[in-house]
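Enquirer: What follows is a single structure, and I will ask about it in a moment.
The values are calculated or read from the model by the stated rules, or taken from the named source; none is laboratory data. None of the values given here were measured: they were computed from a predicted structure. Don't worry about glycine lacking a Cβ; one is built from the backbone with ideal geometry, like all the others, and counts go over all protein chains shown.
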Amino acid sequence: MNALPEIVGRDEFDALVIRTDYGDEAAWQAVVVDLAQPWGDDGEFEAAVHVIDDPAWAGLKPDEVLNEVRRDENLSVVFLADRITMQSAHRALLALDITEDEDLDPVYYKELTDSPPPREFRTLPAGVHDVHANLAIANMDFAEFAEAAFADPDRIYRSF
């Protein structure tokens with residue numbers, strides 16, 4: 001893998017969205033429009049998104065993206081616009097937990113469940129802001145959003 005360009009200019013309050021699929025420009029433009037919409041109850045918050053639209057990221061797998069973005073200490077989640085995003089009617093992005101596996105207490109999670117905590121889920125573009133904001137201020141944790149996504153018939157986080 002060639003060296004990827006450094007991510008610069010992202011405000012710590014901006015959600016990070018990285019485009020990894022370049023097969024459908026119209027689908028990507030629809031995602032960008034959706035991401036720019038105000039969010040929250042009655043749309044009281046402006047969208048704050050840092051979009052990476054650089055073909056250098058094309059085709060990268062989630063683990064490869066995570067290896068690159070973990071350098072940002074102010075980041076708790078990254079969203080990928082991948083092939084599934086571009087091909088789905090919902091344009092659901094892949095939300096990836098930035099937390100390193102070794103940071104998780106396996107004994108704690110073993111007491112709660114027989115499986116490790118979820119590391120990814122899909123969210124509508126409108127849900128990106130909700131997820132990012134709540135994780136950034138530690139109001140909720142990644143597993144709560146994943147649980148909401150997995151409870152949805154389409155397995156997509158929509159909103160609480």
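Enquirer: Residue by residue through region 17-47, note down the ones that are assigned to a strand (DSSP E or B) and surrounded by 18 or more Cβ atoms within 10 Å (Cβ to Cβ).
Expert: VAL17, ILE18, ARG19, TRP39, listed by residue number.
Enquirer: List pairs: first residue in region 131-149 and farther than 12 Å from LEU75 by Cα, second residue assigned to a helix (DSSP H, G or I) and among the β-branched types (Val, Ile, Thr) anywhere in the structure, Cβ distance under 9 angstrom, at least six positions apart or on different chains.
Expert: Every condition considered, the pairs that remain are MET140/VAL131; PHE142/VAL131; PHE145/VAL131.
Enquirer: Would you check which residues across region 37-53 are over 18 Å from LEU75 (Cβ atoms) and hydrophobic (A, V, I, L, M, F, W, C) and list them?
Expert: TRP39, PHE45 - these are the residues of region 37-53 that are over 18 Å from LEU75 (Cβ atoms) and hydrophobic (A, V, I, L, M, F, W, C).
Per-residue answers, yes or no, for (1) aromatic (Phe, Trp, Tyr); (2) closer than 24 Å to ILE7 by Cα; (3) at pLDDT 95 or above:
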| residue | (1), (2), (3) |
| --- | --- |
| ARG83 | no, yes, yes |
| ASP97 | no, yes, yes |
| ASP105 | no, no, no |
| TYR109 | yes, no, no |
| PRO116 | no, no, no |
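Enquirer: Given the residues ASP72, ASP11, ASP24, which is the only one that is of a type in the set (D, E, K, R) and closer than 24 Å to GLU144 by Cβ?
Expert: Only one candidate passes the filter, namely ASP72.
Enquirer: Would you pick out the residues in region 48-79 that are within 14 Å of VAL32 (Cβ to Cβ) and in a strand (DSSP E or B)?
Expert: Those that are within 14 Å of VAL32 (Cβ to Cβ) and in a strand (DSSP E or B): VAL49, HIS50, VAL51, ILE52, PHE79.
Enquirer: Select from region 60-100 the residues that are charged (D, E, K, R) and without any contact (Cβ under 8 Å) to a residue 12 or more places away in the chain and write down the one among them that is surrounded by the most Cβ atoms within 10 Å (Cβ to Cβ).
Expert: LYS61
Enquirer: Now for a different question. Looking at region 6-16, can you tell me whether even one residue there is assigned to a helix (DSSP H, G or I), among the charged types (D, E, K, R), more than 19 Å from HIS90 (Cα to Cα) and modelled with pLDDT under 90?
Expert: Scanning region 6-16, I find no residue that is assigned to a helix (DSSP H, G or I), among the charged types (D, E, K, R), more than 19 Å from HIS90 (Cα to Cα) and modelled with pLDDT under 90, so the answer is no.
Enquirer: Hey, another quick one. Residues of region 121-141 being over 18 Å from ASP41 (Cα atoms), in contact with a Leu (Cβ under 9 Å, 6 or more places away or on another chain) and either of a type in the set (Lys, Arg) or modelled with pLDDT under 95 (or both), which ones?
Expert: Once the filter is applied, which keeps residues that are over 18 Å from ASP41 (Cα atoms), in contact with a Leu (Cβ under 9 Å, 6 or more places away or on another chain) and either of a type in the set (Lys, Arg) or modelled with pLDDT under 95 (or both), region 121-141 yields ARG122, ALA136, ASP141.
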